[in-house]
Amino acid sequence: MLGVKNIKSALLGLDKEQSELQEFRNQLDKIAIGKSSLIDISIASLLSGGHLLIEDVPGVGKSTFIRAFAKLTGLQVSRIQCTSDLLPADMIGVEVFDSRIHEFVFHKGPVFSEIVFVDELNRASPRTQSALLEAMGEGQVSIDRKSYLLPRPFMVFASQNPEENYGTFPLPESQLDRFAAKIHFGYPEGDHELSIFKESLGDPLRHIPENIISTQSIKTLWSKVDSIHVSENIARYVKRVIDASRFHPKLSLGVSTRGGVTWIRMAKAIALLKNREFVIPDDLQLLAKNCLSHRISTVGEDKAESIVDLLIKTVPVV
């Protein structure tokens, strides 16, 4: 006999993976109340095999959200607190000589987790920041001419504080381009913040179930993202937006080809999240500022988000 959850899913035309995905989203909504678009972007990053940059001041719930994300997926999570003296080996691991077998043995670092939270990434030195490039781009790390595969799934959540520049190293364009999207949580809304104050002594995740969506379901959903249809018109629309960014007078750096591919893949994940088999312009426009603003460099005082918003308003869909 079908359970209540399965009956409901059948009536909605959802299969097992889609049902788990919707429940995953519903549970996250209980943690990040009023942040539905940010939840969708976070889930889309997971489903598209991407990584997420969170740009926010301290104490707005970034760690709590990531812990909830990991608990609901049942994925192993590790946290790396970046400082100026953090070494690449502290992140990816190091080879240590084992006198018993007279060989060097690789000891894995915290990056060998399925979800890695890199807090205040811009406090790490450029050398340490670059240690993440191969991991995020290739799903592996290389030490002493040997490559070690990272687990699958593998997702990096990285944070940086936009209000504090002392003792920080700005993320280079090559680093920023590895992130599928950038989000801002902001402060909680009035009533939600009040409830946080009332329950400040309790664990905010105590009511969150574990492993609501299985690893196998995530991998199946990856395949479904691959099968989401992108029409010729949609591809040409993406091309027009990217070309416009490369020749915009207020931009010194436009969107890369990788940026366009990631934007489309994120849109495919959003379409899947909305139980649709094809991408529409609304999917791309919903994601534009989050997927493109960190990939461009402005000239003057204009904000990247404002220019991306202008591109979306002026570039024709058809």
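For the stretch 133-265, a simple Cβ point-charge model (Lys and Arg +1, Asp and Glu -1, everything else neutral) yields a dipole of about 760 debye relative to the Cα centre. How big is the Rg/Rh ratio for the chain, C-alpha atoms only, Rh by Kirkwood, two decimals? That ratio equals 0.98. Mind checking which of L251, N275, P188 is farthest towards the positive end of the stretch 181-276's charge dipole, using Cβ charges of +1 (Lys, Arg) and -1 (Asp, Glu) about the Cα centre? After comparing all options, I get L251. Computed with a 1.4 Å probe over protein heavy atoms only, the accessible area of E95 comes to about 30 Å². Computed log10 I(q)/I(0) for the stretch 225-318 at 0.14, 0.21, 0.24 Å⁻¹: -0.46, -0.97, -1.21, from the Debye equation with unit scatterers placed on every C-alpha and solvent omitted.
Over the stretch 52-196, Cα pairs under 8 Å with separation of 6+ residues give a relative contact order of 35 percent.
Evaluated with a Cβ-only charge set (Lys, Arg +1; Asp, Glu -1), the chain carries a dipole of roughly 780 debye about its Cα centre, given to the nearest 20. Can you pull the percent of Cα pairs in the stretch 161-288 with separation above 25 Å? Percentage above 25 Å: 50. Within straight-line reach of K268, meaning a Cα separation under 20 Å, sit the following aspartates and glutamates at least 8 residues removed in sequence or on another chain: D15, E17, E20, E23, D40, D177, D226, E232, E277, D282, D283. If you sort W263, W222 by accessible surface, 1.4 Å probe, largest first, the order is W222, W263. Take the alpha carbon atoms of the stretch 137-199, find their center, do the same for the stretch 63-126, and report the distance between the two centers in whole angstrom. Cα centroid of the stretch 137-199 versus Cα centroid of the stretch 63-126: 13 Å apart.
Dividing the convex hull volume of the Cα atoms of the stretch 60-185 by its residue count, what figure in Å³ per residue is obtained? Don't skip to the end; give the middle numbers.
On the way: hull volume 15.2 nm³, N = 126.
Per-residue hull volume (Cα only) is 120 Å³.
A cut-off of 5 Å between modelled amide H atoms, ignoring neighbours fewer than 5 places along the same chain, links L253 with S297. Here the ratio of the Cα radius of gyration of the stretch 104-175 to 2.2 N^0.38 Å is 1.18. Among the chymotrypsin sites (Phe, Trp or Tyr not before Pro) found in the stretch 137-197, those both in a DSSP coil and sparsely packed, with 11 or fewer other Cβ atoms within 10 Å of their Cβ, are Y166.
For the chain, relative contact order (Cα pairs under 8 Å, six or more residues apart, normalised by length) works out to 22 percent. When the charge dipole of the chain is built from unit charges on Cβ atoms (+1 for Lys and Arg, -1 for Asp and Glu) and taken about the Cα centre, the candidate among V156, P126, F104 whose Cα reaches farthest toward its positive end is V156. With all protein chains kept in place, the per residue accessible area of the chain amounts to 51 square angstrom at a probe of 1.4 angstrom.
Determine the share of the stretch 144-228's accessible area contributed by carbon and sulfur atoms, expressed in whole percent, with a 1.4 angstrom probe.
Details: 2670 of 5160 Å².
The value for the stretch 144-228 is 52 percent carbon and sulfur by accessible area.
Scalar couplings 3J(HN,Hα) for the stretch 154-159, obtained by applying the Karplus form with A = 6.51, B = -1.76, C = 1.60 to θ = phi - 60°, are 9, 9, 9, 9, 10, 10 Hz; x denotes Gly and Pro.
The values are calculated or read from the model by the stated rules, or taken from the named source; none is laboratory data. All figures in this text were calculated on a predicted structure; none of them were measured in a lab. Glycine gets a Cβ as well: all are built from the backbone with ideal geometry, and neighbour counts include every protein chain shown. To get the accessible areas, we keep the full protein, side chains included, count just its heavy atoms, and leave off ligands, DNA and RNA. Shrake-Rupley method; radii C 1.70, N 1.55, O 1.52, S 1.80 Å.
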